[in-house]
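The values are calculated or read from the model by the stated rules, or taken from the named source; none is laboratory data. In this text the structure is predicted, and so the values were computed from the model without any measurement. When we count neighbours, we look across all protein chains shown, and the Cβ atoms used for this are built from the backbone with ideal geometry, even at glycine.
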Amino acid sequence: MIGASTIATARRRAGLPQAELAERLGVPQSTVARWERGKMEPSLDNVLRAVRACDLDLDLRIVERDPELEALVDAHLALSPAERLAQNNHVVNFVDTARRRMASARRA
């Protein structure tokens, strides 16, 4: 249901109520509601129209599959939430330390 989540996300990001998005698209508000609830699957064209009606754009590309990236994502998802949080905190601390060192080096 990529259409449902994409339309809802775009509309919320634009700060639009369903009625206003429906008006911009020239469809009933109930149509937007059915799309967002997954009761009716919008065509890709309608998804693109809805996203653009929110003054956003949809970036849909076919790219080379990266098995190494997939393995990294799978390994990350296999961690417990606590382990993921600890790993993320480690990265944040690393970046903060690097920024401080670069700022010190520029002042020196």
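Just checking, does the range 66-76 include any residue being among the β-branched types (Val, Ile, Thr), part of a loop (DSSP other than H, G, I, E, B) and at pLDDT below 95?
Within the range 66-76, none of the residues are among the β-branched types (Val, Ile, Thr), part of a loop (DSSP other than H, G, I, E, B) and at pLDDT below 95.
Yes/no matrix, rows are residues, columns are (1) among the aliphatic types (A, V, I, L, M); (2) in contact with a helix residue (DSSP H, G or I) (Cβ under 9 Å, 6 or more places away or on another chain); (3) touching a residue at least 40 places away in the same chain (Cβ under 8 Å):
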position	(1), (2), (3)
THR31	no, yes, no
ARG37	no, yes, no
GLU41	no, yes, yes
ASN46	no, yes, yes
ARG49	no, yes, no
ARG61	no, no, no
GLU64	no, no, no
PRO67	no, no, no
Report the residue count in the range 1-28 for those that are over 12 Å from VAL51 (Cβ atoms) and surrounded by 15 or more Cβ atoms within 10 Å (Cβ to Cβ).
6
Output yes when any residue across the range 76-95 is under 18 Å from the mean Cα position of the chain (by Cα) and surrounded by 14 or more Cβ atoms within 10 Å (Cβ to Cβ), and no when none is.
no
Name the residues in the range 45-62 that are surrounded by 13 or more Cβ atoms within 10 Å (Cβ to Cβ) and outside any loop (DSSP other than H, G, I, E, B), would you?
ASN46, VAL47, LEU48, ARG49, ALA50, VAL51, ARG52, ALA53
